[in-house]
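Written out below as structure tokens is the structure these notes cover.
The values are calculated or read from the model by the stated rules, or taken from the named source; none is laboratory data. It should be emphasised that the depicted structure is a prediction, and the values quoted were computed from it without experimental measurement. Here the Cβ positions follow ideal geometry from the backbone for every residue, glycine too, while neighbour counts run over all protein chains shown. For accessibility, only protein heavy atoms count, side chains too; no ligands or nucleic acids. Shrake-Rupley method; radii C 1.70, N 1.55, O 1.52, S 1.80 Å.
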Amino acid sequence: MERGTFLDASVQQQLAGLEVVKIDIDDPANAAVCRQHHGDGAVPTFVMATADGDVVHRWTGAGDVQEFLGDVQKGLANAAGEGPARVGRVLDELQRQFDRGDDAAVARCLQDLGQLRPESAAPSLDDALWRCCTRANERQDWPGLRAAAQRYLAQPGMQQHDAARVLLGLAEFELTGTITAELQRHIDGLIARLAEPVPGSTVGERLRALLGNEAKPSEAAVDAWVDRANETMDALAGLGAAAAPALHRAVLTRPDVSQDAAIVLARLRLPTTTEQLRHDLLDARLPAWARRNVVDCIGNHKEPRCLPVLLEHMAPKFPPNIRSAAAYGIREILVQIDGTEREDVAAALMPALEPNHRGLRTAVLQTLYYVHAPLPLEDLFELFDDRRPLFGEYVIADNALWIVLDQLGMGLRDGAGGTIDQLCSPEVAAFVRGWVRDHAGKLHWSAEQRRYVVAD
């Protein structure tokens, strides 16, 4: 969201009548609510719900004041127009009447549901019972989900039979810790779906394309593959801890799905998983591809207690892709703790600034920005000539310059005293190098200011 949106008077006035809750998606204590409402993980994500917990509108992404107000108004209109709270009460009543076996009361509930949405036909018994199941799942009401799924499966001719068996299995897992055969088959099927190759990527497809016997995959085909992969990963994440054992096995044993499985496993943010992964790294027989994904998964858990194992994987004995994953994991942790003054972290990162590996050098530089300990400036000067791309118009040399300026507490300004883009042009590089060398004998690290200062 744009910086001033929440400060706008019209936004504050609109939100004054609502209860606003800000959820820290990186706090493990919020993992369950994030799995329930955070969807594909986009930041920021906004959810509007009634006091009964019924979601009336969800949207993602940044926006200006008018866009934000429009989404709030849409949520309010949904709440007023469709009566989600009343729908919830009718569904609760429907469940109670099923338990009592009162067919006439069940019929009245179905009629009430139809009246709440006059623009559509009255819901069938199948629709109503299935909504009871999905509503209980969304609320993570596991006893309610078990009862609703059992009630759905007891009726003949239901259309969502297989899906209901999966939801019943999920309820059983959450209540008893047991994974049913149906739920396990569903999890295994989703993981198998992750193995679907991107269109045009198989050896046969590439060979046929090279010989001119096969057209290049369309952009629409690739986009559809991406959508299927994201939907599959969302479905696995939505199963929560029930999917964790199978995902863990896939990370360690399935090179075709290991990376995607590691991403989903990290999204679950389960403390027990972190311990399992740390134990996996102690096995010297762990294949390099699996080690890389285990390190990446640990880093994405963003737990400070995992910093030592990530620092260990910055060692030169590991290949660049593993060291890059470790560097990014260290960065995620340092962001959480507002950087670090530990010199051992700097000492572990600096040797990885190898010139032959752009990806590794980029990962380390982006991590060093959060290290507030003395860095060897002369070593960073060597990167001022690296013009390989970083992102957008910036190159690696620019990132190195930012770190040096941060270490010196300096910024680049124009002739009028205004700040300018900190691009590492040859003139800027020469000036910074010259300034540091002119003051070399007077530069000392100030732990209090967390930067180099010039001593008198």
Quiz item: Residue check: is Arg139 touching a Gly at 6+ places or on another chain (Cβ under 6 Å), surrounded by fewer than 17 Cβ atoms within 10 Å (Cβ to Cβ), of a type in the set (Lys, Arg) and modelled with pLDDT of 75 or more?
Solution: yes
Quiz item: What are the residues in region 268-297 that are without any contact (Cβ under 8 Å) to a residue 40 or more places away in the chain, open to solvent by 20 Å² or more (accessible area, probe 1.4 Å) and assigned to a loop (DSSP other than H, G, I, E, B), if any?
Solution: Leu282, Asp283, Ala284, Arg285, Leu286, Pro287
Quiz item: Any chance region 245-258 includes a residue that's without any contact (Cβ under 8 Å) to a residue 40 or more places away in the chain, surrounded by 15 or more Cβ atoms within 10 Å (Cβ to Cβ) and among the aliphatic types (A, V, I, L, M)?
Solution: no
Quiz prompt | Residue satisfying condition, being polar (S, T, N, Q) and either modelled with pLDDT under 85 or in contact with a Phe, Trp or Tyr (Cβ under 8 Å, 6 or more places away or on another chain) (or both), within set Gln160, Gln150 | solution = Gln160
Self-check item: Selection from region 36-82 of residues that are more than 24 Å from Cys133 (Cβ to Cβ), modelled with pLDDT under 70 and part of a helix (DSSP H, G or I)
Solution: Ala80, Gly81
Self-check item: Some residue of region 298-309 being polar (S, T, N, Q) and within 27 Å of Glu138 (Cα to Cα)
Solution: yes
Quiz item: Out of the residues in region 118-136 that are in a loop (DSSP other than H, G, I, E, B) and open to solvent by 60 Å² or more (accessible area, probe 1.4 Å), which is modelled with the highest pLDDT?
Solution: Ala122
Exercise. Pick out, from region 298-399, the helices (runs of 4 or more DSSP H) lying fully within it that include 1 or more residues that are over 27 Å from Val264 (Cβ atoms).
Key: 343-349, 358-368, 377-381
Self-check item: Residue list for region 341-368, restricted to those being open to solvent by 10 Å² or more (accessible area, probe 1.4 Å) and within 19 Å of Glu303 (Cα to Cα)
Solution: Glu341, Arg342, Asp344, Ala348, Gln366
Exercise. Taking only region 142-173 into account, find how many residues are open to solvent by 70 Å² or more (accessible area, probe 1.4 Å) and closer than 23 Å to Ala31 by Cα.
Key: 2
